[in-house]
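Structure record follows, encoded as structure tokens.
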Amino acid sequence: MTSGQDPNQPGGPYGPPPGWNPPPAPPQYPGYAPAPSAGYGPPPGMPQSMERPLSVRAGLGAFLGSMALSLVAQVVTLLNWRRIVDWAFANAGLDTGGGADAARRGAEIGAQIGIAVGFLFIAVYGLFVWFAWQGRNWARVVLWVLAGLGILSGLSGLLVGSPLPFLQALGGFEVLLLLTAVVALAMKPSSEWFRFRGWQRATGQG
């Protein structure tokens with residue numbers, strides 16, 4: 001061995017033969033990222049739990065209050081039936097004598113049917129309030145529609161008047177309660193809670 005020659009160099013006693021090239025390095029495969037876990041949580045920005053806000057409780061409470069006033073008005077109307085019918089005929093300029101007996105009987109039957117329907121309407125109204133309490137948004141929309149009709153009817157009754165000031169006062173308070181209910185259920189916390197309840201049902205969590 002020549003002095004100064006590296007034994008590991010090509011041609012040396014311990015090195016590879018001349019002209020030998022090392023094999024290429026094995027390819028480096030990129031690592032695999034872990035599979036994302038299934039998203040069982042709420043959508044971004046949706047809390048895990050959300051209590052029924054005050055605006056929902058106040059709005060539905062106002063609806064219940066209006067139902068109670070409507071029920072009282074129905075009972076008062078029945079107890080003062082004759083007086084109210086006489087006032088309605090006199091206010092319409094109709095004769096209350098024998099010539100108007102047939103019309104009077106027809107009007108009384110129609111009004112009695114109306115009162116019976118009114119009691120049924122109150123019961124159905126309560127059913128929609130219960131569904132809205134459970135977070136059903138469609139029930140909230142139905143209550144808005146019913147409240148709008150009730151407000152129009154109440155304002156019409158205030159303009160026409162009544163032989164009983166108590167009934168007219170009840171009508172005014174009922175309109176105020178319906179307005180309060182509509183506004184409360186339309187507030188942002190109410191809408192967010194109804195949206196949250198819809199998400200819960202869609203994901204099987206509520």
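Data overview
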{"item": "14 Å beta-carbon shell around M187, net charge (K/R +1, D/E -1)", "result": "+4"}
{"item": "W144 paired with K188, simple spin-label distance in nm, labels 7 Å along Cα-to-beta-carbon", "result": "1.8 nm"}
{"item": "Cα-projected label distance for T203 with I115, points at 7 Å along beta-carbon direction, nm", "result": "5.2 nm"}
{"item": "Sum of side-chain charges, S55 neighbourhood, beta-carbon under 13 Å (Lys, Arg +1; Asp, Glu -1)", "result": "+2"}
{"item": "For A202, net neighbour charge (Lys/Arg +1, Asp/Glu -1) across residues whose Cβ lies under 14 Å away", "result": "+4"}
{"item": "Computed E for L159/W87 - FRET, C-beta separation, R0 22 angstrom, nearest 0.05", "result": "0.90"}
{"item": "Rounded accessible area per residue of region 107-195, 1.4 Å, Å²", "result": "55 Å²"}
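The values are calculated or read from the model by the stated rules, or taken from the named source; none is laboratory data. Predicted, not measured: the structure shown is a model, and the values here were computed from it. No Cβ is skipped: glycine too gets one built from the backbone with ideal geometry, and neighbour counts run over all protein chains shown. Side chains are part of the model used for accessible areas, which takes the heavy atoms of the whole protein and leaves out ligands, DNA and RNA. Shrake-Rupley method; radii C 1.70, N 1.55, O 1.52, S 1.80 Å.
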